[in-house]
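J.: Quick one: structure below, then a few questions.
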């Protein structure tokens, strides 16, 4: 999806933080409330007793201006408390996106909006998978679902890896057993959109071998 924009090669915050900021700001710009777009961040902040500080940052996120993007980068620093546990938390005050990083995030969010125009509309975003978790996999939240596709946003400088595709297949299989099962059973594709590379990757679910689905279901997830 060529837009003629070249991103700056250097960013001063971790790529996972950039990825979360792009993901959540894209949800926000696509019509989600700021509380819904950053709900994992809010959940993480509650677990370490910093919800008031997180909400102060969130209330300063108004759009894609510099300050909004900088505050988004800070507040997603709370996500790690939900995803990996509070022991992994590092003070969000230390997350200070520079000009190159802010401009890259803005460009990638705008690419996300163009992506939604072409492949949307989104029917579900930022969802958790209650009902689909196991003793082995107890957390995990998906990015976006359109009418026919489960999507994951990745901002890696590389094309999708086996870890990325495994994660997406796991979410699909967990989704079929989750509270969103009726939505998942109608899906036809798994998709990855990488706004850094500005590329879309799609796979027909029917082309995934049965033995792969069985192995991931039983051995990886624990069904």
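Only the coordinates and a few stated rules stand behind these numbers; no lab work does. No experiment lies behind these values; they were computed from the predicted model shown. Methodologically, a virtual Cβ is constructed for each residue, glycine included, from the backbone with ideal geometry; neighbour enumeration extends over all protein chains shown.
J.: In nm, give the distance between the simple-model label positions of residue 117 and residue 163, each being 7 Å from the Cα along the Cα-to-Cβ direction.
T.: According to this spin-label approximation, the distance is 3.4 nm.
J.: Once both axes come from the Cα atoms, what is the angle between helix 66-75 and the longest principal axis of the chain, in degrees from 0 to 90, rounded to 10?
T.: It is inclined by approximately 60 degrees.
J.: If you don't mind, there's one more thing I want to ask. With a cut-off of 8 Å between alpha carbons and a minimum separation of six or more residues, what is the relative contact order of the range 15-110 in percent? Each step should come with its number before you reach the end.
T.: On the way: 117 pairs, mean separation 31.2, N = 96.
Reported relative contact order: 33 percent.
J.: Which of the following values of log10 I(q)/I(0) by the Debye sum over Cα atoms at q = 0.13, 0.15, 0.18 Å⁻¹ was calculated from the structure shown: [x] -0.80, -0.97, -1.22; [y] -0.76, -1.02, -1.41; [z] -0.89, -1.07, -1.36?
T.: Evaluating log10 I(q)/I(0) by the Debye sum over Cα atoms at q = 0.13, 0.15, 0.18 Å⁻¹ on these atoms matches [y].
J.: Another question about this same structure. Treat each spin label as a single point 7 Å out from the Cα along the C-beta direction, and report the residue 87 to residue 188 distance in nm.
T.: 4.6
J.: Take every DSSP beta bridge with both residues inside the chain and express the antiparallel ones as a percent of the total, to the nearest 5.
T.: 70
J.: Taking a point 7 angstrom from the Cα of residue 62 along the C-beta vector, which residues in the range 9-50 have backbone N less than 16 Å away?
T.: Under 16 Å, as judged by backbone N against the label point of residue 62, lie 29, 34 of the range 9-50.
J.: Among 1, 170, which comes first, then next, by fewest other beta-carbon atoms within 10 Å?
T.: So the residues, fewest neighbours to most, are 1, 170.
J.: Using a simple spin-label model with points 7 Å from Cα along the Cα→Cβ vector, what separation in nm is obtained for residue 3 and residue 204?
T.: Inter-label distance under the simple model: 3.1 nm.
J.: On to the next question. Label 7 Å along Cα→Cβ of residue 36; the range 150-178 residues with amide nitrogen under 20 Å?
T.: Backbone N within reach: 150-153.
J.: Angle between the Cα long axis of helix 99-119 and the longest principal axis of the chain, 0 to 90 degrees, nearest 10?
T.: Once rounded, the angle reads 40 degrees.
J.: A further question follows. If one computes the Cα centroid of the range 16-78 and of the range 144-161, what distance in Å separates the two points?
T.: Between the Cα centre of the range 16-78 and that of the range 144-161, the gap is 20 Å.
J.: Give me the extension gain from residue 223 to residue 138: residue separation times 0.36 nm, minus the current Cα-Cα distance, reported in nm with one decimal.
T.: Once the chain is fully extended between residue 223 and residue 138, it gains 29.4 nm.
J.: Over what distance in Å are the Cα centres of the range 183-223 and the range 81-96 separated?
T.: Their Cα centres are 29 Å away from one another.
J.: With the contact rule set at Cα under 8 Å and sequence spacing of 6 or more, what percent relative contact order holds for the range 122-221?
T.: Dividing the mean separation by the residue count of the range 122-221 yields 29 percent.
J.: Would you work out the relative contact order for the chain, in percent, from Cα pairs under 8 angstrom that are 6 or more residues apart?
T.: So the answer I get is 19 percent.
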